[in-house]
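*Asks:* So that we are looking at the same thing, I have put the structure below in C-alpha cells.
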Amino acid sequence: MKKGLLGLLFAVNTLAAISQTPGDVKKNIYYERYHTAEDQLQKIIKAEPANAEAWYLLSKAYIQGNDAALLQQLLAQSPDAIKGEPFYQVAYGSYLLNKGNKDSARFYFDQALDKTREKNPDILSAIANAHIITKTGDASYAAQLLNKAIDRDKKDPALYTLLGDAQRKLGNGSEAYKQYTAALDKDNRNAAALYRMGKIFVSQKNPEMYLKYFNQVLEADSNYAPALFELYYHYYFTEPRKALQYFQQYAAKSDYDKQNDVLYTDLLYLNKQYKEAVAKAQQLLNEHQGDSMPRLYKLMAYSYMGLSDSASALSNMSQYFSKEVDTNMVAKDFELMADLYAAVPGKEDSAIVYYVKTVDKAKDNPDRFHFYKKLSDLYKNQKDYLNQAKWLGMFYQDNAKATNIDLFNWGIANYKAEAYVQADTVFGTYIQKYSEQAFGYYWRARINSSMDSTMEKGAAIPWYTQLITMIEKDPTNKTNKKWLIEAYGYLAAYETNQAKDYKTAAENLKKILAIDPENKDAQQYISILEKKISTGNTTSADNNK
C-alpha cells in the first residue's frame with residue numbers, strides 16, 4: 001500500500017511537471033510574469049532534473065525577476081550529468097555574469113558556443129540575453145552573437161527584438177528602432193517589439209509617441225502587462241482616475257506583488273478615496289505583519305489629512321517616523337509633521353524642530369524658501385523676533401522671488417529684536433534698492449534714534465532730514481503727516497537738548513503746527529522755547545553775533 005501511495009505521488013508530481021511545458025514558461029517570461037515562470041520551472045526540474053533548457057530558463061527568470069540571490073542555491077542542486085550541456089553552461093554563465101564574474105562567465109559561455117559550433121540560434125541568443133540583462137554585460141558582444149543567430153534564423157521576431165535591446169543598451173536609439181521595426185515585419189502584432197519602441201520615446205520624454213506605441217501594444221495583445229504599467233505611470237501624474245483603471249488591469253494581468261497593493265493604495269489616495277485608502281493600508285499592515293512597510297503609515301496620515309482628521313494624521317506620522325529608516329525620509333515627511341504640530345496649540349516648539357529638519361533635507365531645493373518663511377512665522381507668533389529675523393534673512397537672500405516687502409519685514413524683525421546694527425544694514429539695502437520710497441529713510445531714522453537714545457550724536461538727523469525732503473511736499477498724506485511730525489519733533493528735541501539752539505528748535509516745532517495746528521505738544525514747547533529766547537537764553541552762536 002505504501003509503495004502504491006508513493007507511486008501515486010510520483011505520478012501526480014510528474015503529471016504536474018508535464019503540464020508545465022517550456023513553451024508555457026517562455027510565454028510567462030515574455031509577459032514578464034517571472035514569479036509564475038519560476039514556480040513552473042521548479043516543478044519541471046524537480047520532475048526532470050536532466051532538462052538543461054529548463055535550468056537555463058530558470059536562471060533567466062530569476063535574473064530578470066530580480067531574484068538572482070536565490071539562484072545559486074538552486075543551481076547547486078543540479079545533477080552532475082547535465083553540467084556539460086550547453087544550455088546548463090549558459091545558465092551557470094548567466095549566474096556568474098550577474099555576480100560580476102565576467103571572466104568565469106565567459107569560460108562557460110565559450111564552452112557552450114564551442115559545443116554548438118556557434119550555429120545554434122537558441123544558444124547564441126541565450127548568451128546575448130545574459131549580456132543584455134546584466135549590468136556587467138557586453139552589449140556589443142551581444143549584438144555580434146545576435147547577428148549570427150539571425151543568419152541562422154531570419155524569421156524569428158524575438159531575435160530582432162533582442163538585437164534592438166542590445167542597441168538600446170549601447171545608446172543607439174535609431175538602430176534599436178530599426179531592429180524593432182524588423183521584428184514587426186516578421187510579426188506585426190509582436191507586443192514586445194511595440195513596447196520597446198515606446199520605451200525609446202520614454203527615454204526621449206516624448207509622451208505623444210510613447211503613448212501611441214503603448215496603446216498599439218494593447219491593440220496587438222491586451223495581456224501584455226508591461227505596457228499597462230507604463231500607461232498607469234504616465235497618467236499617475238496627470239489623471240489619477242485613468243491611472244487607477246490602467247493599474248487595476250496591470251495588477252490583474254501580472255504576477256502578484258505586495259508592492260502592487262501599496263501602489264494601489266497610493267492611487268486610492270490620489271483619487272481622494274481617503275476612507276478606502278486607510279482601510280486598504282490597514283489591511284496590508286495586518287496581512288504582512290513582520291514585513292517592513294512604514295510608508296503605509298505615511299499614506300494613512302495623508303489620507304486622514306484629506307478627511308480633516310489631523311489627530312489621526314499626527315498619530316500615523318509618528319508611527320512612520322518610529323519605523324522608517326532615516327535615509328528613506330524626504331523633506332515633505334518632516335514638513336507634514338511640522339504642519340501637524342503647528343496646528344496644535346502649545347506644540348509650536350515641536351513644529352519648529354521639524355521645520356528645521358525640513359530645511360536640512362531641502363537645503364539645496366528651490367522649495368527651501370517656503371520652509372524659511374514658515375519658520376519665521378512661527379517665531380513671530382512666539383514673539384521671538386531675533387529668530388524671526390534670522391529666518392526672514394534666509395528667506396530673502398538668494399531668493400529671486402523675494403520682494404521689497406520681504407526685505408522690509410526682515411528689517412522690522414531685527415528692529416523689534418533690538419538688533420539695531422543689523423536692522424540698519426537691512427534698511428540701508430532697502431534704500432539702495434528702493435531709493436524712491438520713504439520707508440528706508442524713516443526706519444533708518446528710527447533705528448539710529450534707538451541706537452543713540454540720548455541724542456548725543458544726533459545719529460538720526462541725516463535720515464530724518466532726507467525723509468523730510470522726500471515727503472514735505474505732500475503733508476496731507478496721513479502717513480507723511482505722521483512721519484513729518486515725528487521728524488520735526490526729533491530735530492526740535494536735538495536742537496533743544498544737545499545743540500541748545502532754541503530758535504531753530506522752535507522753528508521745527510512751528511513746522512509741526514503748519515501741518516497740525518491743534519498739536520498741543522508743539523504749542524506747549526514753542527511757548528517754553530520762546531520764553532527762553534526772550535530772556536536772552538539763546539545759542540552760543542547767537543551770543544557771538
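*Asks:* What number goes with the only condition from (1) more than 18 Å from the chain's Cα centre (by Cα); (2) among the acidic types (Asp, Glu); (3) farther than 19 Å from Lys416 by Cα that Asp364 does not pass?
*Replies:* The single condition Asp364 does not satisfy is (1).
*Asks:* Identify all residues within the range 243-268 that are open to solvent by 20 Å² or more (accessible area, probe 1.4 Å), touching a helix residue (DSSP H, G or I) at 6+ places or on another chain (Cβ under 9 Å) and more than 18 Å from Asn223 (Cα to Cα); write none if there are none.
*Replies:* Selection gives Lys258, Asp261, Leu263, Tyr264.
*Asks:* Show the residue pairs meeting these rules: Cβ distance below 8 Å; 6+ apart or different chains; first residue within the range 453-480 and over 14 Å from Tyr442 (Cβ atoms); second residue among the β-branched types (Val, Ile, Thr).
*Replies:* So the pair list comes out as Pro475/Ile515.
*Asks:* For the range 394-418, which residues satisfy the criterion of being more than 18 Å from Phe439 (Cα to Cα) and either more than 29 Å from the chain's Cα centre (by Cα) or surrounded by fewer than 18 Cβ atoms within 10 Å (Cβ to Cβ) (or both)?
*Replies:* Once the filter is applied, which keeps residues that are more than 18 Å from Phe439 (Cα to Cα) and either more than 29 Å from the chain's Cα centre (by Cα) or surrounded by fewer than 18 Cβ atoms within 10 Å (Cβ to Cβ) (or both), the range 394-418 yields Gln397, Asp398, Asn399, Ala400, Lys401, Ala417, Glu418.
*Asks:* Counting just the residues of the range 269-283 that are without any contact (Cβ under 8 Å) to a residue 24 or more places away in the chain and touching a helix residue (DSSP H, G or I) at 6+ places or on another chain (Cβ under 8 Å), which one comes out surrounded by the fewest Cβ atoms within 10 Å (Cβ to Cβ)?
*Replies:* If we take residues in the range 269-283 being without any contact (Cβ under 8 Å) to a residue 24 or more places away in the chain and touching a helix residue (DSSP H, G or I) at 6+ places or on another chain (Cβ under 8 Å), then Gln282 is surrounded by the fewest Cβ atoms within 10 Å (Cβ to Cβ).
*Asks:* Going through Lys531, Lys473 one at a time, which residue ends up being surrounded by fewer than 19 Cβ atoms within 10 Å (Cβ to Cβ), basic (Lys, Arg) and in a loop (DSSP other than H, G, I, E, B)?
*Replies:* Unique residue meeting the criteria: Lys473.
*Asks:* What are the pairs, 6+ residues apart or on separate chains, where a residue within the range 304-319 that is open to solvent by 50 Å² or more (accessible area, probe 1.4 Å) has its Cβ under 9 Å from a residue that is in a loop (DSSP other than H, G, I, E, B)?
*Replies:* Close Cβ pairs satisfying both conditions: Ser310/Ala343; Ser310/Val344; Ala311/Val344; Gln319/Pro294.
*Asks:* Taking the range 212-225 as the region of interest, how many residues are open to solvent by less than 30 Å² (accessible area, probe 1.4 Å), of a type outside the set (Ser, Thr, Tyr) and under 32 Å from the mean Cα position of the chain (by Cα)?
*Replies:* Residues meeting the conditions: 3.
*Asks:* Then there is this: Which pairs turn up if I take residues in the range 218-234 that are closer than 12 Å to Tyr31 by Cα and look for partners that are open to solvent by less than 40 Å² (accessible area, probe 1.4 Å) and part of a loop (DSSP other than H, G, I, E, B) with beta carbon separation below 7 Å, at least 6 apart in sequence or on another chain?
*Replies:* From the range 218-234, the pairs are Asn223/Tyr31; Tyr224/Tyr31; Ala225/Tyr31; Ala225/Ser254.
*Asks:* Now a separate question. Any residue in the range 331-349 that's in contact (Cβ under 8 Å) with a residue 12 or more places away in the chain: show its pairings with residues that are of a type in the set (Gly, Ala, Ser) and part of a helix (DSSP H, G or I) at Cβ separation under 6 Å, as long as the two are six or more apart or on different chains.
*Replies:* Ala338/Ala351; Leu340/Ser310; Leu340/Ala313; Tyr341/Ser350; Tyr341/Ala351; Ala342/Ala351; Ala343/Ser310
*Asks:* Filter the range 43-66 for residues that are small (Gly, Ala, Ser), closer than 19 Å to Glu32 by Cα and open to solvent by 10 Å² or more (accessible area, probe 1.4 Å) and give the result.
*Replies:* Across the range 43-66, the qualifying residue is only Gly65.
*Asks:* Further question on the same structure: What's the number of the condition Lys401 fails, among (1) closer than 21 Å to Asn448 by Cα; (2) touching a residue at least 24 places away in the same chain (Cβ under 8 Å)?
*Replies:* (1)
*Asks:* Here is a follow-up. For Lys155, which of the numbered conditions (1) modelled with pLDDT under 95; (2) open to solvent by 60 Å² or more (accessible area, probe 1.4 Å) fails to hold?
*Replies:* Every condition holds for Lys155 apart from (1).
*Asks:* Pick from the range 70-120 the residues that are among the hydroxyl-bearing types (Ser, Thr, Tyr) and part of a loop (DSSP other than H, G, I, E, B): which of them is nearest to Leu58 (Cα to Cα)?
*Replies:* Ser78
*Asks:* Of everything in the range 436-467 that's open to solvent by 20 Å² or more (accessible area, probe 1.4 Å) and in a loop (DSSP other than H, G, I, E, B), which residue is nearest to Asp406 (Cα to Cα)?
*Replies:* Among them, the one singled out is Gln437.
*Asks:* Do we find that Asp349 is part of a helix (DSSP H, G or I), among the acidic types (Asp, Glu) and under 22 Å from the mean Cα position of the chain (by Cα) in this structure?
*Replies:* Spelling it out, it is not the case that Asp349 is part of a helix (DSSP H, G or I), among the acidic types (Asp, Glu) and under 22 Å from the mean Cα position of the chain (by Cα).
*Asks:* Residue by residue through the range 355-374, note down the ones that are open to solvent by 20 Å² or more (accessible area, probe 1.4 Å) and more than 18 Å from Ala343 (Cα to Cα).
*Replies:* Answer for the range 355-374, where residues must be open to solvent by 20 Å² or more (accessible area, probe 1.4 Å) and more than 18 Å from Ala343 (Cα to Cα): Asp360, Lys361, Lys363, Asp364, Asn365, Pro366, Asp367, Arg368, Phe369.
*Asks:* Filter the range 255-305 down to the residues that are assigned to a loop (DSSP other than H, G, I, E, B) and acidic (Asp, Glu), then identify the one that is farthest from Leu244 (Cα to Cα).
*Replies:* Asp291
*Asks:* Here's another thing I want to ask about it. Checking the conditions here, which among Thr136, Thr161 is more than 21 Å from Trp55 (Cβ to Cβ), modelled with pLDDT under 95 and not aliphatic (A, V, I, L, M)?
*Replies:* After applying the criteria, what remains is Thr136.
*Asks:* Of the conditions (1) in contact with a helix residue (DSSP H, G or I) (Cβ under 8 Å, 6 or more places away or on another chain); (2) open to solvent by 50 Å² or more (accessible area, probe 1.4 Å); (3) more than 17 Å from Tyr30 (Cα to Cα); (4) not hydroxyl-bearing (Ser, Thr, Tyr), Gly171 satisfies every one except a single condition; which number is it?
*Replies:* Failing condition for Gly171: (1).
*Asks:* Looking at the structure I just gave you, is Tyr385 open to solvent by 50 Å² or more (accessible area, probe 1.4 Å) and hydroxyl-bearing (Ser, Thr, Tyr)?
*Replies:* Criteria met by Tyr385.
The values are calculated or read from the model by the stated rules, or taken from the named source; none is laboratory data. Please read all numbers here as calculations on a predicted model, not as lab measurements. Heads up, the Cβs are rebuilt from the backbone with ideal geometry, glycines too, and the neighbour counts pull from every protein chain shown. When the accessible area is computed, the model is the full protein with side chains, heavy atoms only, and any ligands, DNA or RNA have been set aside. Shrake-Rupley method; radii C 1.70, N 1.55, O 1.52, S 1.80 Å.
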